[in-house]
Amino acid sequence: MSYQIHDNHIPERLISFEGMEYRWLGGTNYLNIGTHPLFQEKLQEGIRIFSQNWGSSRLNNYRMDVWQNLENVLAKRFQVEAAALCSSGLLAGQTAMQYIMQKHPDAGISLAPKTHPALWRHPLMPAPGAFADWENEAQILCMDGIGSPWVEEFLTGFEENLLAYQTLIVDETHRLGIVPIQIQTPAQLIQTSSLSKAFGIPAGIVLGKSKDIEAIKQDPFWIGASPANPAYVYACLHAQEAYDERMIQSSELAKAFTKNATQVHFVPNYPAFSSDEPALFDHLKSHGFLCNQFAYPNPKSAPLCRAILPSCLNMQDIDELTQALSTYENA
């Protein structure tokens, strides 16, 4: 089933659909940060300070520290040398690709199967087939840190056998702020991500070595782009305790779910699952849970069922969800 809900608020734990109330497992609002009192306070404060979006380049004569301050905080949080904020995750991915293709103009580039469009560059497309069959001998390798919408673990050891001359670019949009993103590899590593998922702000980020980030910040592609909205950047910067709190909640829910889950595809201790069983959507709906079920990224693709475990759920919800899944084969 593919369906639409037309409403004008961001859903939390409960959502109304067809006259009924359901636990909402859709979307990508992993941490529900927008309802945290500290985040709300700091966002309101940020709007008072900055009052509007700021469209000038980061190299404008008039400069504000808020962007660099958040870059420093996130670089420390994710244990990398430096970070570059962008106005979206897609722009972060494209900025990293622009940089690396200029740095190595003659290098071979290979995109892993199912790589997010943020790392596509025409005419390059993701390799067909399964990730396990991906030939990763090219100098520049691009991939997702974890599968979405199909929940699939990719970083299972191959990265440790890459060579120093290679560059690995990883889109971390569905891991950043949710599970650890540290990657041990001899290859040069650049990580990109949207900050609109777990972090809940309209921005993206590039993480990497200082020399790469400094070079990116000299690239006209980055310089010419408007920076992320300063009010949201301010809120993220000053609400780090709220993120810590919600990350702990998310982790506890994920551990409880993946300990007992059946019938679906999941990664241990990760707050999401997926299934290509066409009847699972209706089965979970009959038990009070509403998941996503739509074609992605191609509208002609077969719809699949994908769900997250937002931090606003409680342990009773998790128990009832795993119980509902355990009865699916008899449905």
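Every number in this text was worked out from the coordinates using simple rules, so none of it is lab data. Bear in mind that the values here come from a model prediction, so they are computed numbers and not experimental data. With ideal geometry, Cβ positions are generated from the backbone for all residues, glycine too; neighbour counts draw on all protein chains shown.
Out of 140, 100, 49, any idea which swings most in a Gaussian network model of the chain, alpha carbons joined below 10 Å?
49
Counting only DSSP beta bridges with both residues in the chain, tell me the antiparallel percent, nearest 5. Display every interim value, and only then the final one.
Numbers: 23 of 38 bridges.
Expressed as a percentage, antiparallel bridges in the chain total about 60.
Identify the chymotrypsin sites (Phe, Trp or Tyr not before Pro) of region 104-205 meeting these criteria: DSSP loop state and at most 12 other C-beta atoms within 10 Å of the C-beta. Before the final figure, lay out each step's value.
On the way: sites: 120, 131, 134, 150, 154, 158, 165, 199; in loops: 120, 134, 150, 154, 165, 199.
Filter output for region 104-205: 165.
Please check which bits of region 249-293 a label hung off residue 21 would reach, taking the label as a point 7 Å along Cα-to-C-beta and the cut-off as backbone N under 20 Å.
Residues 284-291 qualify, since their backbone N sits under 20 Å from the label point.
Nearest 10 degrees is fine. How inclined is helix 315-326 to the longest principal axis of the chain, computing both from alpha carbons?
Taking Cα atoms only, the helix is inclined about 70 degrees.
Most fluctuating residue of 292, 260, 229 in a GNM of the chain with Cα springs under 10 Å: which is it?
Greatest mean-square fluctuation among the candidates belongs to 260.
For residue 218 and residue 9 in the same chain, what is the full-extension length gain: residue separation times 0.36 nm, less their Cα-Cα distance, in nm? Intermediate results must be reported in sequence, preceding the final value.
Numbers: separation 209, 0.36 × 209 = 75.24 nm, distance 3.90 nm.
Taking 0.36 nm per residue and subtracting the Cα distance, the gain is 71.3 nm.
Top mean-square fluctuation among 32, 136, 161, Gaussian network model of the chain, C-alpha springs under 10 Å?
161
From Cα pairs below 8 angstrom and at least 6 apart in sequence, can you work out the relative contact order of region 86-218, rounded to a whole percent?
Values: 258 pairs, mean separation 36.8, N = 133.
So the answer I get is 28 percent.
Packing-wise, with mean Cβ within 10 Å as the measure, how do 81-91, 36-46, 167-177, 60-70 rank, highest first?
On the way: 81-91: 21.7, 36-46: 17.5, 167-177: 25.1, 60-70: 14.6.
Output ranking for 81-91, 36-46, 167-177, 60-70: 167-177, 81-91, 36-46, 60-70.
Is the C-alpha gyration tensor of the chain telling us rounded, prolate or oblate? Criteria: a/c under 1.5 is rounded; beyond that, a/b larger than b/c is prolate, otherwise oblate.
Details: a/c = 1.93, a/b = 1.26, b/c = 1.53.
Cα axes put the chain in the oblate bin.
Could you tell me how many degrees, from 0 to 90 and to the nearest 10, lie between the Cα long axis of helix 37-50 and the main elongation axis, the longest principal axis, of the Cα atoms of the chain?
40
In whole percent, what relative contact order does region 1-153 give with Cα contacts below 8 Å and a gap of six or more residues? Could the numbers behind the result be given before it?
Values: 109 pairs, mean separation 19.0, N = 153.
Computed over region 1-153, the figure is 12 percent.
Please go through region 234-331 and write out the trypsin sites (Lys or Arg not before Pro) that DSSP classes as loop and that have at most 11 other C-beta atoms within 10 Å.
Working: sites: 246, 255, 259, 285, 300, 306; in loops: 300.
Within region 234-331, the qualifying trypsin sites (Lys or Arg not before Pro) (loop, at most 11 other Cβ atoms within 10 Å) are 300.
Mind checking the full-extension length gain between residue 314 and residue 182? Use 0.36 nm per residue of separation minus the Cα-Cα distance, one decimal, nm. Don't skip to the answer; put the middle values down first.
Details: separation 132, 0.36 × 132 = 47.52 nm, distance 2.83 nm.
Gain on extension, residue 314 to residue 182, equals 44.7 nm.
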